[in-house]
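To start, the structure itself, in structure tokens.
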Amino acid sequence: MTFSYYLSKKKNSKKQIVISFTHQSKISHLKIPLFIEPKDWDDQMQRPKNIYTKKNKELNNKLNSIKVNLAKVLSNQKQEYTIIDLKAITSVIKKICSEEKQYYPKESLLAIMNEYLEAKKSFISLSTYRRYLVFLRLLEKFEGYIAKHIGMKDINTDFIHRFYTFGKAEQYTESTLKRTLEFVKTILNFAEQQGIDTEVRRLKIPKSKTIKKVITLSEKELNKIKQTQLPLELQSAKDWLIISCYTGQRISDFMQFNRELIMHINGKKCISFIQQKTGKEIVLPLHPEVTAVLKENGNTFPKPMEYSIYNKQIKKIAQLAQINEWIKTRKRIGFRSKEVKIEKWENISSHIGRRSFASNFYGKIPTQLLMQATGHSTEKIFLSYVNAHNNEGITMLGKYFEKIHSKRKFKIM
């Protein structure tokens, strides 16, 4: 059973979409009540070119849903029948095209996933909820790819192989596919709690082969930034960048810092706050670099900035400070991220403060104390923020090599 989409031949500004399907060696063509402009249609992928705009996303979801439900209708028809029940097929298509909300079969993967999201919505951060929705949408596309609703019993080794085949064809990164499958395991455990049998204990997710590159600002680079003369309009962003690199917090937290949150413990100036994402209470002693920034701002924090303006300005600051080392990183090009070579300042964003804090103090301060400061629950997650390529350490090691070599050379002479 195969399906394909193409546009009707009629000379209209908007073309009607036609579905072609093969059943019992017979090819059928059926116009569906969905339309699109030819310039927005991808003939090769048989879908809208940009499936990430709201309108095209909805259209693509309907196209996937039609394939999945049509396959179910056709498989339910008795094998000996050679005449296809077009009335039943048309009814299914019309229903899908008219529905504003998508419905999933009871106890299917997507139905349980949707149930999990509703149960957890009040207890997780907005960013986490949105990330889970991305996983759900990705699995909706996968259902369209295999033209089948995924049941709990379908999630096995073959499911993982087919999912990776689909993901590579769609040019998703390995980390995206792995995170999605980890979320599927979370859903299987949730289903087990509801009394539904799954293969979760036998499900093995391949380990990621790609090493994530962590971009940070070294203390040497931070000194360059501090010493760079900047226009007055960039001063607040510079101050917040220094604060973020010496507190290790997310922008949603450090941009809310104010004088009222400061407290003293055994003579140490600290800041006490609740992390927006985790809900954890953090009490953090202020680094001398942070207290120096406060002193320059009348013993208080700079005025809060809009996130987009802050991200734009810290790039400009890093550029002016000549943080221009060439690095390899992943950048969004079109609809997917690809590895590119750019100057370091171009890749700087608000999260660099958190990563820089973890990297610059790792190995100098006990990891548990650093985790207490950042609010990370596990060492594994904390270490994902640490830059494994410590250039300063590498340079120092090189100097030791040269020193030992020169001593040995002197003795030989």
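Taken together, the values in this text are just the output of simple stated rules run on the coordinates, not laboratory data. On a predicted model such as this, the values are computed, not experimentally measured, just so you know. Positions of Cβ are generated from backbone atoms using ideal geometry, with glycine treated the same way; all protein chains shown enter the neighbour counts.
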Can you pull the one-decimal nm distance between simple spin-label points at residue 234 and residue 324, each 7 Å off the Cα toward Cβ? 1.3 nm
Order of 184-194, 259-269, 291-301 by packing, highest average Cβ count within 10 Å first? 184-194, 291-301, 259-269
Charge dipole of segment 1-149 built from unit charges on the beta carbon (Lys, Arg +1; Asp, Glu -1), centred at mean Cα; most positive-end Cα among 70, 127, 19 is 19
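What does the charge dipole of the chain about its Cα centre add up to, to the nearest 20 debye, if the Cβ of each Lys and Arg holds +1 and the Cβ of each Asp and Glu holds -1?
Rounded to the nearest 20 debye, it is 1120 debye.
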Once segment 36-157 is represented by equal point scatterers at the alpha-carbon sites, with solvent omitted, what log10 I(q)/I(0) does the Debye formula produce at q = 0.13, 0.15 Å⁻¹? -0.64, -0.83
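How long is the gain from residue 154 to residue 99 if the chain were fully straight, where each residue apart is worth 0.36 nm and the alpha carbon distance is subtracted?
On the way: separation 55, 0.36 × 55 = 19.80 nm, distance 2.66 nm.
Gain in length upon complete extension: 17.1 nm.
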From the alpha carbon gyration tensor of segment 104-210, can you work out the equivalent ellipsoid semi-axes (sqrt of 5 times each eigenvalue) and give them in Å, largest to smallest? 20, 17, 14
Quick one: length gained pulling residue 266 to residue 92 fully straight, 0.36 nm per residue minus the C-alpha distance? 55.6 nm
Contour minus end-to-end for residue 4 and residue 349, with contour as 0.36 nm per residue of separation and end-to-end as the Cα-Cα distance? 120.0 nm
Per residue, the convex hull volume that the Cα atoms of the chain enclose (Å³): 240 Å³
Set the bar at 19 Å for Cα to Cα. Now go through 238/303; 213/344; 26/153; 148/207; 54/121 and name every pair that lies beyond it. 26/153; 148/207; 54/121
Taking every eigenvalue of the Cα gyration tensor of segment 229-334, multiplying by 5 and rooting it, what semi-axes result, largest first, whole Å? 27, 18, 13
For segment 271-315, what does the convex hull of the Cα positions come to per residue, in cubic angstrom? 109 Å³
Of all alpha-carbon pairs in segment 1-103, indicate the percentage at a distance above 19 angstrom. 43 percent
Near residue 293, within a Cβ-to-Cβ distance under 10 Å, what is the net charge of the other residues, with Lys and Arg +1 and Asp and Glu -1? 0
Remind me, what semi-axes does segment 189-243 give for its equivalent ellipsoid, largest first in whole Å, using sqrt of 5 times each Cα gyration tensor eigenvalue? 50, 17, 7
With a Förster distance of 30 angstrom and the Cβ-Cβ distance between residue 171 and residue 13, calculated FRET efficiency to the nearest 0.05 equals 0.45
